[in-house]
Each structure stands twice: as structure tokens, then as C-alpha cells.
Amino acid sequence: MDIRDLTADDLDAVLDNRKRAFGPLSPGDVETWRKRFEILPEGSYLGSFEGSRLTGTARINRFTQWWHGRALSMGGIAGVTVAPEDRGRGVGRTLMSAVIDRCGELGHVTSALYPATTPIYRSLGWEHAGALLTAVLPAEALRGLGDGASKAVKLRRMGADDAPELMAVLERVYASTRASGPLGWDEPTWRLWLGDDDDFCYLADDGYVIYRWDSGDIEVDNLVAGSEATARALWSLVGTASSIATSVKAPVAPHDPVLWMLRERQSDEVRQARWMHRLIDLPAAVGQRGFPAGVTVDVAIEVDDPQRPANSGTWRLEVASGSGTASAGSAAGSGTVPRFTIGGMSALFAGVPTATLRRTGLLSGGTPETDDALDAAFNCAAYMIDYF
């Protein structure tokens with residue numbers, strides 16, 4: 001089996017594999033799919049081959065991902081396919097092992113994916129972390145969220161040339177709200193999304209919305225707001241479709257302000273799509289992540305990562321004044337040091353509690369005191385509002 005970079009000459013075979021894995025695409029989706037390939041950075045699309053025959057594919061999207069308000073480089077794994085006749089022969093495992101290495105070569109310190117199946121990814125170090133939460137909201141209720149302050153918010157239509165400003169808005173909002181998990185696309189991809197004639201895109205100084213019609217109702221692709229006034233302005237804008245649309249389907253954060261703004265809220269209709277997370281470069285990821293400013297931690301941990309030996313060993317985790325470091329250190333004593341699989345450490349990084357990790361075999365050793373310290377440092381409600 002040979003793993004190599006895919007080129008434009010492979011696109012027909014890649015598209016055939018994609019159809020066999022996920023079903024047919026419309027002509028418009030095929031066109032968008034080809035455009036996305038054209039703007040992918042070099043080395044971001046891998047294929048496995050037997051001779052000249054393509055057997056599997058995997059794409060590495062270049063994302064910015066925020067953790068407690070700080071931006072990290074994240075490889076978003078998607079387009080993972082194995083030809084039906086080659087399944088069960090180890091193609092997927094070999095390909096995904098190469099993807100882990102390539103993420104490191106591309107400078108990504110973490111990675112994430114939405115799994116079609118869990119076992120293969122878990123065996124290679126990815127672990128369930130956060131979710132994409134999609135809420136169904138009444139359009140008429142959203143329309144009523146506007147008030148005097150929101151009417152003063154300046155909204156303008158947004159197009160492809162607004163991509164840099166949109167990226168700057170995301171940076172400011174996710175930093176100020178200390179968000180954990182949401183991602184941002186690179187500029188060429190934002191330009192592609194903002195150029196879609198079927199989407200309605202509006203930008204404010206501290207927020208934006210992208211939405212579309214969907215079988216008579218409204219589907220929100222993204223809505224991000226950094227203040228109450230902007231949140232009310234954007235949600236009420238979406239709600240103006242209520243004369244025709246009954247409901248609005250929208251991705252939301254776990255504690256999204258809109259859920260507290262609704263006048264009536266007896267129950268939530270929310271669907272979850274789970275995503276998995278993996279550390280690629282442990283010390284770099286810890287060093288770039290944000291942490292709660294009021295938490296101070298100094299703990300030794302052990303990590304086992306067979307796929308990335310540089311992540312394995314004993315680390316001294318230090319957190320203070322909102323920043324953290326992971327430096328090679330020595331264990332204080334064999335039963336007192338928390339021992340993580342790389343999946344367990346990746347889940348902890350994304351806010352999964354140590355009590356959960358212990359009861360799933362992803363963490364052993366340590367003490368209640370070290371558990372409390374680690375939980376305090378990494379505590380967050382990880383989420384995304386984008387599917388990839």
C-alpha cells in the first residue's frame with residue numbers, strides 16, 4: 001500500500017470513492033467540492049493506492065480553533081473514504097496513521113473529526129470531546145427578540161471581500177467570550193462560502209449571521225455575537241422570515257444566549273453531532289491554549305501515545321495567570337502520578353472531567369487532589385457550530 005498526496009489528476013477517482021462512501025452529489029455540490037480541492041494547501045489531501053488504483057482518501061482542513069479564547073492551529077479531518085472492496089484490509093488505519101504524521105508536518109497542534117464510526121479513530125488516539133448542537137427554534141419567537149438597543153446595531157450585507165473582516169470579528173468574539181472548541185476557516189474557504197448566492201450573509205461590528213431557506217423554513221449556518229444587542233439584532237433578523245417560515249434550525253453553543261433570551265422555554269429541541277479530538281503536539285497545544293486566569297496548577301502527569309512518541313512520557317503541567325506549559329519532567333512517585341492514554345489526555349484538554357476518564361479506563365493513578373487541579377485547569381464546555 002502506498003500513501004501519497006492527491007493531485008488534480010486523481011479527482012475523478014476521489015469523487016467516485018466519495019460517492020461510494022457517502023452517496024451521490026448534486027451537480028452544484030460537485031462544483032463546490034472541486035473548488036474546495038483547488039484552494040486546499042499543498043499536502044492536505046492524502047490517498048492510499050495499490051499500484052495506480054485509489055483505495056482510500058483523507059482530507060486535512062486548515063482551521064483555527066479557540067480554546068479558552070486562544071487560537072490554535074487545528075487539522076480538521078474529513079473526506080475519509082475507503083473503497084467498498086478494500087474495507088477490512090487495514091486501509092483506513094494505515095491512512096489515518098499517515099494523517100496524524102501529516103498534521104504534525106503541517107504545523108497543526110491538535111486535530112478533530114466527526115466520526116462515521118468510533119473504534120478506528122479511538123484506537124489511533126482520537127477521543128470523544130465536544131458536540132455540534134443544533135436547536136430548532138420558533139421563527140416568530142426570534143422575531144420578537146428585537147428591542148431598542150438591537151435596532152441601533154448596524155448590519156450590512158456581507159460578500160466574499162468581507163472575509164478578512166469576518167475573520168477579525170471571530171477572533172475578537174471568541175477571545176472575549178473565552179470560547180472553547182469553535183473553529184474558523186482560512187480566508188480562501190471563507191471567500192468561497194460567502195460567495196454562495198443561496199446564502200444570506202450579514203455582518204456587524206461584533207457578530208455575523210449566515211442563513212438560507214430550507215424547504216420553507218430557515219437554516220442558520222453560523223450566528224456569532226459578542227453582545228446582547230448584536231445577538232438580538234441578528235436573531236430577530238432571521239426571525240423576520242416568520243410570515244412564511246415556522247421554525248429555524250440553528251447551531252448553538254451549550255450556553256447560547258438565545259436560549260436565555262426566548263420569552264418561553266419549557267423544553268429544548270436540540271440534536272447533537274459528536275466530534276472527536278486528538279492532540280498532535282502536546283507541549284505546543286498546552287502552551288498555546290488559554291486557561292482560567294484564577295487557576296494555578298503544578299502537576300506531573302504521564303502520557304502514552306504510541307502513534308506520536310514525542311507526546312509520550314512524563315510531563316510537568318504548570319498553569320498560572322491564564323497560560324500553561326508542559327515540560328518534560330520526572331514523576332514524583334509511581335502511584336501518585338496521573339497516567340493518561342493519548343485519547344484520555346486529548347479528552348481532558350477538551351474539558352472531559354477526570355471522573356469520567358477514570359471510569360472509562362483513559363486515566364489511572366494520581367490522587368483526588370490532582371484530579372481536582374486538572375479539572376479546574378481544563379474545565380470547559382467544548383462545542384462547534386460548523387460541520388466539516
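The values are calculated or read from the model by the stated rules, or taken from the named source; none is laboratory data. Being a predicted model, the structure only gives us computed values, none of them experimental. Glycine gets a Cβ as well: all are built from the backbone with ideal geometry, and neighbour counts include every protein chain shown. What goes into the accessible areas is simple: the full protein's heavy atoms, side chains included, and nothing from ligands, DNA or RNA. Shrake-Rupley method; radii C 1.70, N 1.55, O 1.52, S 1.80 Å.
Observations on the structure shown:
- Within the stretch 374-384, considering residues that are under 18 Å from Ala273 (Cβ atoms) and more than 8 Å from the chain's Cα centre (by Cα), the one surrounded by the fewest Cβ atoms within 10 Å (Cβ to Cβ): Ala381
- Boolean, Ala284 is open to solvent by 10 Å² or more (accessible area, probe 1.4 Å) and farther than 30 Å from Arg36 by Cβ: no
- Whichever residue in the stretch 314-336 is small (Gly, Ala, Ser) and open to solvent by less than 30 Å² (accessible area, probe 1.4 Å) and, among such residues, is modelled with the lowest pLDDT: Gly333
- Any chance Ile280 is hydrophobic (A, V, I, L, M, F, W, C), farther than 30 Å from Leu234 by Cα and under 18 Å from the mean Cα position of the chain (by Cα): yes
- Test: residue in the stretch 23-45 that is modelled with pLDDT of 95 or more and closer than 30 Å to Ser321 by Cα: no
- Residue match in the stretch 78-98 (condition: in contact (Cβ under 8 Å) with a residue 60 or more places away in the chain and among the basic types (Lys, Arg)): no
- The lone criterion from (1) touching a Phe, Trp or Tyr at 6+ places or on another chain (Cβ under 8 Å); (2) farther than 30 Å from Tyr114 by Cβ left unmet by Ala293 is number (1).
- Complete set of residues in the stretch 234-257 that are over 17 Å from Asp268 (Cβ atoms) and open to solvent by less than 10 Å² (accessible area, probe 1.4 Å): Leu234, Val238, Gly239, Ala245
- Top-ranked residue in the stretch 14-57 [being part of a strand (DSSP E or B), out of contact with any Lys or Arg (no Cβ under 6 Å at 6 or more places or on another chain) and open to solvent by less than 30 Å² (accessible area, probe 1.4 Å); ranked as nearest to Val82 (Cα to Cα)]: Gly56
- Some residue of the stretch 269-281 being among the small types (Gly, Ala, Ser) and open to solvent by 30 Å² or more (accessible area, probe 1.4 Å): no
- Checking each residue in the stretch 362-377 for being in contact (Cβ under 8 Å) with a residue 60 or more places away in the chain and either within 27 Å of Trp193 (Cβ to Cβ) or touching a helix residue (DSSP H, G or I) at 6+ places or on another chain (Cβ under 7 Å) (or both) picks out Leu362, Leu374.
- Taking the stretch 106-164 as the range and being of a type outside the set (A, V, I, L, M) and assigned to a helix (DSSP H, G or I) as the test, the residues that pass are Pro119, Tyr121, Arg122, Ser123, Glu140, Arg143, Gly148, Ser150, Lys151, Asp161, Asp162, Pro164.
- Selection within the stretch 285-308 - charged (D, E, K, R) and closer than 15 Å to Met345 by Cβ: Arg289, Glu302, Asp304, Asp305, Arg308
- In the stretch 109-126, the residues that are farther than 16 Å from Leu46 by Cα and open to solvent by less than 30 Å² (accessible area, probe 1.4 Å): Val109, Thr110, Ala112, Tyr114, Tyr121, Leu124, Gly125, Trp126
- The number of residues in the stretch 251-277 that are more than 16 Å from the chain's Cα centre (by Cα) and under 22 Å from Arg102 (Cβ atoms) comes to 0.
- When Arg172, Arg156, Arg143 are checked against the criterion of being under 25 Å from Tyr211 (Cα atoms), at pLDDT 95 or above, among the charged types (D, E, K, R) and in contact with a Ser or Thr (Cβ under 6 Å, 6 or more places away or on another chain), Arg143 stands alone in meeting it.
- Failed criterion for Val153 (all others in (1) of a type in the set (A, V, I, L, M, F, W, C); (2) within 20 Å of Thr240 (Cα to Cα); (3) open to solvent by less than 20 Å² (accessible area, probe 1.4 Å) hold): (3)
- Some residue of the stretch 231-249 being among the hydrophobic types (A, V, I, L, M, F, W, C), touching a residue at least 60 places away in the same chain (Cβ under 8 Å) and part of a loop (DSSP other than H, G, I, E, B): yes
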